[in-house]
Amino acid sequence: MGTIISRRDVLKLGAVSALAVATELTLGDWKTSKGEPEMNIGEIGFEGAFAGGKYTLPELPYAANALEPLYDERTVTLHHDKHHAAYVKGLNAAVEKLSAAGKGADGDTIKALVRDLSFHGSGHMLHCLLWHSMTPGGSDGGDAFNKALADSFGSVETFKAQFAAATKSVEGSGWGVLAYEPVAGKLVILQAEKHQNLAIWGVTPLLVCDVWEHAYYLKYANDRAAWVDNFMKMANWKFAAQRLASASGK
């Protein structure tokens, strides 16, 4: 069966794991049945996230109003253009300051900069995945992906119920995450608090749901459950299936 991992055992997409993904850590290749070009796990969902030696804000994969009425244009625009952009700016600043600090920097300075790197780097990577984790009308992951869900969680319906419940119950700000755990070769549901805290190193995130209040407050106020329920209607399982195929090599 699949696993729901509590906040004590959760995912961290921080300075090491998330940045490795963004810099094209290859865990396997995939090719669609239509013969589309092969992509590695570092490319799927991170297109436009790094260019010219700096981290960059990728364009949305759809129009800002494309997810209406479930996700309103104003929130999407603010979320992408302001919140996500701030993570990109903070990440580049942390990288530059660490480079400038040199070997003479004291431990407290390095600690603060590495913390900034982890916080902003995690925010950038997770938001890149978030935009692709939604698509107008939602999508189906296909037979192979649905079988992987059934093998890990008993059934697709059980997975969806557990993923929604885990995401709704994240303590404070954070994320619900579907990930591939390569040691057991299974899918797991994770709760990531504050997105830079704690980890299962080596997992590959496949699909994420943002439950920081900035992600939904304008439309849903403090009704996180309603936001998550509607996110599930927009969930891009085809995208998750592509990342799983790349990560698992299947």
Of the residues in segment 49-80, those that are touching a residue at least 60 places away in the same chain (Cβ under 8 Å), open to solvent by less than 40 Å² (accessible area, probe 1.4 Å) and of a type outside the set (A, V, I, L, M, F, W, C) come to Tyr55, Pro58, Tyr62, Tyr71, Asp72, Thr75, His79
Within segment 202-214, is even one residue touching a residue at least 24 places away in the same chain (Cβ under 8 Å), assigned to a helix (DSSP H, G or I) and not β-branched (Val, Ile, Thr)?
yes
Could you check, for segment 204-219, whether at least one of its residues is under 14 Å from the mean Cα position of the chain (by Cα), open to solvent by 10 Å² or more (accessible area, probe 1.4 Å) and more than 24 Å from Glu157 (Cβ to Cβ)?
yes
With criteria (1) modelled with pLDDT of 90 or more; (2) farther than 20 Å from Cys209 by Cβ; (3) open to solvent by less than 80 Å² (accessible area, probe 1.4 Å); (4) part of a helix (DSSP H, G or I), Ala20 comes up short on (1)
Considering only segment 190-198, I want to know if a residue exists there that is aliphatic (A, V, I, L, M), more than 22 Å from Asp72 (Cβ to Cβ) and open to solvent by less than 40 Å² (accessible area, probe 1.4 Å).
yes
The one condition Trp30 fails out of (1) at pLDDT 90 or above; (2) open to solvent by less than 40 Å² (accessible area, probe 1.4 Å); (3) over 29 Å from Glu193 (Cβ atoms) is (1)
Going through Leu98, Leu130, Leu113 one at a time, which residue ends up being open to solvent by less than 70 Å² (accessible area, probe 1.4 Å), in contact (Cβ under 8 Å) with a residue 24 or more places away in the chain and of a type outside the set (S, T, N, Q)?
Leu130
Of all the residues that make up segment 218-250, how many are aromatic (Phe, Trp, Tyr) and either under 20 Å from Asp143 (Cα atoms) or in contact (Cβ under 8 Å) with a residue 40 or more places away in the chain (or both)?
3
Show me the helices (runs of 4 or more DSSP H) entirely contained within segment 57-168 in which 1 or more residues are in contact with a Ser or Thr (Cβ under 8 Å, 6 or more places away or on another chain), at pLDDT below 95 and farther than 16 Å from Lys233 by Cα.
85-101
Considering each residue of segment 115-158, count those that are of a type in the set (Gly, Ala, Ser) and over 27 Å from Leu60 (Cα atoms), and give that number.
6
Give me a count of the residues in segment 154-167 that are open to solvent by less than 40 Å² (accessible area, probe 1.4 Å) and touching a strand residue (DSSP E or B) at 6+ places or on another chain (Cβ under 7 Å).
3
I need every pair where a residue in segment 146-167 that is under 14 Å from Ala240 (Cα atoms) has its Cβ under 6 Å from the Cβ of a residue that is in a helix (DSSP H, G or I) and of a type outside the set (A, V, I, L, M, F, W, C), sequence separation at least 6 or different chains.
Val156/Asn146
Of the candidates Gly90, Gly45, the one satisfying the condition of being of a type outside the set (S, T, N, Q), farther than 17 Å from Tyr216 by Cα, surrounded by 15 or more Cβ atoms within 10 Å (Cβ to Cβ) and in contact (Cβ under 8 Å) with a residue 40 or more places away in the chain is Gly45
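The values are calculated or read from the model by the stated rules, or taken from the named source; none is laboratory data. As the structure is a computational prediction, the values presented were derived from the model and not from experiment. Cβ: placed from backbone, ideal geometry, glycine included. Neighbour counts: every protein chain shown. Surface accessibility is based on the protein's heavy atoms, side chains included, excluding ligands, DNA and RNA. Shrake-Rupley method; radii C 1.70, N 1.55, O 1.52, S 1.80 Å.
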